[in-house]
Each structure stands twice: as structure tokens, then as C-alpha cells.
1. Mind checking which residues of the range 215-237 are farther than 26 Å from residue 369 by Cβ and open to solvent by 10 Å² or more (accessible area, probe 1.4 Å)?
2. Could you please let me know if residue 255 is assigned to a strand (DSSP E or B), modelled with pLDDT of 95 or more, under 24 Å from the mean Cα position of the chain (by Cα) and not aliphatic (A, V, I, L, M)?
3. Hey, among the residues in the range 121-158 that are without any contact (Cβ under 8 Å) to a residue 12 or more places away in the chain and in a loop (DSSP other than H, G, I, E, B), which one's nearest to residue 187 (Cα to Cα)?
4. Does the range 258-277 contain any residue that is aliphatic (A, V, I, L, M), touching a Lys or Arg at 6+ places or on another chain (Cβ under 9 Å), within 27 Å of residue 137 (Cα to Cα) and open to solvent by less than 30 Å² (accessible area, probe 1.4 Å)?
5. Please specify each residue of the range 284-300 satisfying the condition of being open to solvent by 20 Å² or more (accessible area, probe 1.4 Å) and either modelled with pLDDT under 90 or in a helix (DSSP H, G or I) (or both).
6. With respect to the numbered conditions (1) out of contact with any helix residue (DSSP H, G or I) (no Cβ under 9 Å at 6 or more places or on another chain); (2) more than 19 Å from residue 300 (Cβ to Cβ), which one is the sole condition not fulfilled by residue 195?
7. Residues being out of contact with any Asp or Glu (no Cβ under 6 Å at 6 or more places or on another chain), open to solvent by 20 Å² or more (accessible area, probe 1.4 Å) and not charged (D, E, K, R): count how many of those fall in the range 183-206.
8. Could you check the range 281-300 and list, in sequence order, the residues that are among the small types (Gly, Ala, Ser), in contact (Cβ under 8 Å) with a residue 60 or more places away in the chain and closer than 15 Å to residue 260 by Cα?
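The values are calculated or read from the model by the stated rules, or taken from the named source; none is laboratory data. Given the structure is predicted, the values throughout are model-derived calculations rather than measurements. As a convention, Cβ positions derive from the backbone with ideal geometry for all residues, glycine included, and neighbour counts pool all protein chains shown. Side chains are part of the model used for accessible areas, which takes the heavy atoms of the whole protein and leaves out ligands, DNA and RNA. Shrake-Rupley method; radii C 1.70, N 1.55, O 1.52, S 1.80 Å.
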Amino acid sequence: MKGKSSVERKVAIKWIVFMCLCSFCLGLLFTQRFWPLPDSDTELISEQKNDQEVEIARQDCSTKLKHEVGRDIMGEVSRTHDAIQSLDKSISTLQMELAAKRSAEELLPSNVPAKTLTGNNKAKAFIVIGINTAFSSRKRRDSIRETWMPQGEKLKRLEEEGIVVRFMIGHSATSNSILDKAIDSEDAQHHDFLRLDHVEGYHELSAKTKTFFATAVEMWDADFFVKVDDDIHVNLGMLATTLSRHKKKPRTYIGCMKSGPVLSNKNVKYHEPEYWKFGEDGNKYFRHASGQIYAISRDLATYISINQLILHKYANEDVSLGAWFIGLEVEHIDERNMCCGTPPDCEWKAQAGSMCIASFDWSCSGICKSVEKLKDIHRRCGEGESAVWSALL
């Protein structure tokens, strides 16, 4: 019995050891199958990649948010700026209209109602263009009619769309002279003149310019008034497009700004008799628009109309206009497309997609021999007949 008991204990111990080993092996197998140990390097790279992706996403969100906020702020700033400009222009216009009404009331006899001069019967327009011309310039006028200025029904339609174009001229020193009758006859044929209460004369251009703006602002309720010489080429579509960009601004004076020398020598063409007012010999004029073409806003034209009796006239018309604005809150806009050269200059610019508003020769203060050359310049530098209608649309 004792020997049998000893054998049984040995067998039991073996089985116990065997079972333990089997359990251990099964445990290892089960652990590796269902819970594999991670590779430490792979896990670290994966965690770093996840962290980078999270950081990139966070930065993207932050950047997008900043851009959206920035766009909103800039949009509000732009809208506010436009609103302020529009309000400023409205105030300026009202101030000028009030001043004009007061001036009219002071000038009228007591028994005449003020509304006869300041009535609301003005025609609406976007631009009123006055082409400065003389009695002797019939050929120049015809060359313009054959090129950049519409005629007949097209001219009438252009006016209905908001652009008024007229040759501006006064009268001769002799009442109802042959010169005046010739203009009457020409106007009856073309219906494209604006007659001014002004005695014609080369040395009276400053007075004529003043009279033009005063007359035009009484006839048309326009955003801009433009003075043009009759020996330059103009693209009306480009003019309208350019001026439309400044429509909301008050007190605008647009042209090719320059500052030429004050000429004290009596023997030169542009002699300035009042040169002493501009300081020492060799001084230059203040900045002003070159006289071939320039535009002013309605409030400035109204200012000229109100103060025409006391606005000083210098020998040169463009200097006079600049002088009238020098002490005012006026925005001088230097528009270089208003003073392109004749071909090849304006032609190259047109081919490059920068169509000129006006073209002329600086050496002649206009187009040299404009009657002979205007057709060719129009062919090479003109914008095309449809451009002005597209600009208005």
C-alpha cells in the first residue's frame, strides 16, 4: 500500500507540471493571436503623423477663418468708403445748388421768380462734351463729324443714352454778321452746336471756357462736363468708361496734369503777362490739366457758374481753370490716357489692350494738320463704333 501511494503522488506531480506547461503555452498562443504586441517604432511614427495631421487641420481652419474675417472686414470698409464718397458728393452738389439759387435770386429783379434761372427743366445726362471751335474751323469740324463724332440719328440716340456732344462757339463782334449766319446755316444742317453768349477771339479762351461751363450746367443736369479742342482724336467709349469710375466722387478735376514753365518773354506763343504773380523767373505753374481735353464734375461746373463774374482769367485757358480750383477741396486726377501721342503711340497702346481716350501731338498742342490726318488716326487708333454703346450699357 505504501509503495502504491508513492507511485500515485509521482504521477500526480507530473500531471500538474504538464498541465501548467500546457496552460502557459495556450496563454502565449492566445495573447499573440488576439492582442498582438505593437511594434514600438511603427506606433511612434503613426502617433507623430496623427499629431501632424491634427495640427495641419487646426492651422487650415485658423487660416480660413482669418481669411473669411479679413474679407468681411475689407468688404465692409469698401462699402463704407463708397457710401461716404456718395454722401460727400450729394452734400457737395446740394451746397452748390443752394449757392446757385441764392446767386440767382440776388441777380434777378424782384418781380421775376428765381425758378426762371434755376428751374428743374434741365435735361439729364451723364457727360456733356463741348468741342471748342472757331468760325474759321469748318474743315476741322467736318473731319470730326466724319470720324469720332456720331451724326444724325446716331448723335440724337447718343444724347438720349446720356452723352451730349456739341461744337461750342460764341458770336462775332458784329451782330448778325456773315460769320454768324454761316454757323446758323451749318447748325441747321447738322444740329450739333452750342451757341454761347461770348464774343469769339483767340485771346478770350479763358472767358469762353468759363461761359461754356456756366451755360452747360444751366442746360443739363450732368455728372461731368468735358472741354475738348477741335484738333484732337477722342474715343467716346473710353471717355465714358473712365469717367464712370469717378462718378461717385465729389469735386473731381480729370485730365493730363502738367506744370509747365511760366513764360515771361513777350515774343513766345504762350507768354504769361502776369508772370510776376508766380514768383521768380524760371518758376513753373501749379499743377493743372492740359487744355486739349479735361473733365470736371457737376459741382465744380456749378461753382464756376456761380462765381464766373469774379474768377480771374489768365492768358492761358488751362492755367485759368487750374487757378479757379487751386484753393478748393478738389481731387486732381492725372489720367494719362487723355494725352496719348498720334500713331504709332496710340496704335501700339491699342494693340496692347490700353485704348487711349484722346490722341494728339504735343509739338502742335493738337494733331498737326488734323484735317488731313484725322481719318488715318481714327482708323489706326479708334475704338470702333460699337464701343461707346457698350460702355453706356
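1. Listed by number, the residues that qualify are 215, 218, 219, 220, 221, 223.
2. Criteria met by residue 255.
3. Selected residue: 152.
4. Within the range 258-277, not a single residue is aliphatic (A, V, I, L, M), touching a Lys or Arg at 6+ places or on another chain (Cβ under 9 Å), within 27 Å of residue 137 (Cα to Cα) and open to solvent by less than 30 Å² (accessible area, probe 1.4 Å).
5. Residue satisfying the conditions is 298 alone.
6. So the condition that residue 195 fails would be (1).
7. 9
8. Within the range 281-300, just 291 meets the criteria.
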